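Peer 1: One structure is given below, represented as structure tokens, and several questions about it will come after.
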Amino acid sequence: MKRVFGSSVALLLVVGATSLFVRASSVMVPSGTWAPTGDLTDIRAGAAAVLLSDGVVLITGGTGVEGRVASAERYSVTGGTFVATESMQTARANHTATSLNDGRVLVIGGFGADGTAVGSAEIYDPATNAWMPAGTLTHARAGHTATLLPDGRVLVAGGENGEGALATMEV
């Protein structure tokens with residue numbers, strides 16, 4: 001659960017293949033219940049979602065009808081609407097998206113359009129609505145974790161590379 005802008009609304013977002021469901025405590029949705037809140041602009045499974053500093057949720061990548069997608073969209077919690085935004089440079093699913101201290105988002109790894117593990121990372125800047133390359137992982141991976149450390153670096157751990165599970169970590 002996440003408190004948004006100090007209001008009395010607590011949200012837990014669940015991204016399905018085509019819709020987003022919200023579990024909320026508010027006047028409109030009784031506590032402990034689920035309510036549909038709108039449809040994604042693209043069908044996607046294995047996407048990553050992250051809360052931006054302005055309270056908007058960025059949803060990236062996943063697998064669509066015709067394979068992995070690079071598309072991204074923003075979900076307005078207050079308006080309950082989805083808006084397509086600039087696409088990532090690389091199609092990917094089963095990746096991570098991590099909010100950085102400066103408000104940007106780091107997207108790492110995943111499975112690419114060809115089904116192999118992706119070794120690249122990219123950064124989304126909500127202020128410019130643009131993506132930029134962010135380097136290459138030591139080990140291409142998908143299904144991993146990415147944790148923001150107190151010093152601003154991101155620890156990437158585990159996952160798989162298409163041949164098996166990984167026991168490696170990198171910063």
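Read-outs throughout are calculated quantities, based only on the coordinates presented, and are distinct from any laboratory measurement. Fair warning: this is a prediction, and the values are worked out from it, not measured in the lab.
Peer 1: How big is D for the range 62-123, in µm² s⁻¹ as a whole number, if Stokes-Einstein is applied with the Kirkwood radius of its Cα pairs at 25 °C and 0.890 mPa s?
Peer 2: So the translational diffusion coefficient is about 197 µm²/s.
Peer 1: Please tell me the relative contact order of the range 57-112 in percent, rounded to the nearest whole number, where contacts are Cα pairs under 8 Å and at least six residues apart.
Peer 2: Relative contact order for the range 57-112 comes out at 29 percent.
Peer 1: Using θ = phi - 60° and the Karplus form 6.51 cos²θ - 1.76 cosθ + 1.60, what ³J(HN,Hα) does each residue of the range 103-111 get, whole Hz, x for Gly and Pro?
Peer 2: x, 7, 10, 9, 10, 10, x, x, 9
Peer 1: Next question, about the same structure. Provide, as a two-decimal number, the C-alpha radius of gyration of the range 109-171 over 2.2 N^0.38 Å, N being how many residues it has.
Peer 2: Rounded to two decimals, the normalised Rg is 1.17.
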